[in-house]
1. Could you say whether any residue in the stretch 98-109 is free of Cβ contacts under 8 Å to residues at least 40 places away in the same chain and out of contact with any Leu (no Cβ under 7 Å at 6 or more places or on another chain)?
2. Is there a residue in the stretch 38-49 that is surrounded by 20 or more Cβ atoms within 10 Å (Cβ to Cβ), in a strand (DSSP E or B), out of contact with any Pro (no Cβ under 8 Å at 6 or more places or on another chain) and of a type in the set (A, V, I, L, M)?
3. Being closer than 24 Å to Trp109 by Cα, more than 18 Å from the chain's Cα centre (by Cα) and at pLDDT 95 or above, is that true of even one residue in the stretch 195-211?
4. Can you tell me which residues in the stretch 198-210 are assigned to a strand (DSSP E or B) and either surrounded by 17 or more Cβ atoms within 10 Å (Cβ to Cβ) or at positive phi (or both)?
5. Only one residue in Ala215, Ala179 is under 18 Å from the mean Cα position of the chain (by Cα) and not in a loop (DSSP other than H, G, I, E, B). Which one?
Amino acid sequence: MCGRFAQFETKEEYLEFLNAGVEFVGVLDGEPIGRYNVAPGTRVLMLNQRDDKLHLDPVNWGYQPAWAKESGRTPMINARVETAAASRMFKPLWNTGRALIMADGWYEWKKVPGDAKAKQPYFIYHQNKKPIFLAAISRFHADALDAPDEDGFVIVTAASDKGLLDIHDRRPLVMTRKACLEWLSFDTSPEHAEQLALDCGIPADEFTFHPVGKAVGNIHNNSAAIIKSIENPII
């Protein structure tokens, strides 16, 4: 799964690394975004394409359509790549709301055998320490003065394999640069987007990870210190 991630570089660095070749609409101020502990329920800069141009919009991380709210279901923050394209909840988002979440890495908690309450957090990132782009699907009204309660996004997740399985059995779907550009394009059909999601994720063996302190568990902690490796993790 993906329940916490980091998004701390400048907008320019993410966009330059993506090298989309598509006009960007917005202000690039050169200031680091500076979010080392992005949590569900907060507004996050989401990259999306509208009218053949790229936009960055602050959108709530979490999705709860009216029918789900009425039935008492909690907001969803992830969608499984294996089922999202066809599910009742996520199919409309998949068809018309594909987006990307810029990130520098994400966090997972490894369970301690025999102690259900003890978990060791890890920070996972690309081995070259470059930006990554998480596949997302969304519903939002870009031009609305007051965003409807239903507006939000979820991060698409895939099964972990190789070394990442040691930490958690799910991970965010991190797409290759070429796949990212096709994923965003309105010329890409939902069916082709499904193939991209299934076939064009960056392999797990390109990522690495290290243990971090328990401070990341508190969403009020937001500094570069929380991504630093610690010695003597509990597991």
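1. Narrowing the stretch 98-109 to residues free of Cβ contacts under 8 Å to residues at least 40 places away in the same chain: none.
No: the stretch 98-109 contains no residue that is free of Cβ contacts under 8 Å to residues at least 40 places away in the same chain and out of contact with any Leu (no Cβ under 7 Å at 6 or more places or on another chain).
2. yes
3. Looking only at the stretch 195-211, we keep the residues that are closer than 24 Å to Trp109 by Cα, and these are 201-211.
When the remaining residues are screened for being more than 18 Å from the chain's Cα centre (by Cα), the result is 205, 210-211.
Then drop every residue that is not at pLDDT 95 or above, which leaves 210-211.
Within the stretch 195-211, one or more residues are closer than 24 Å to Trp109 by Cα, more than 18 Å from the chain's Cα centre (by Cα) and at pLDDT 95 or above.
4. Restricting attention to the stretch 198-210, the residues satisfying the condition of being assigned to a strand (DSSP E or B) are 201, 207-210.
Across the stretch 198-210, the qualifying residues are Gly201, Phe207, Phe209.
5. Of Ala215, Ala179, the one residue that is under 18 Å from the mean Cα position of the chain (by Cα) and not in a loop (DSSP other than H, G, I, E, B) is Ala179.
The values are calculated or read from the model by the stated rules, or taken from the named source; none is laboratory data. Computed from a prediction, not measured in an experiment: that's the story for all the values here. Positions of Cβ are backbone-derived with ideal geometry, glycine not excepted, and every protein chain shown enters the neighbour counts.
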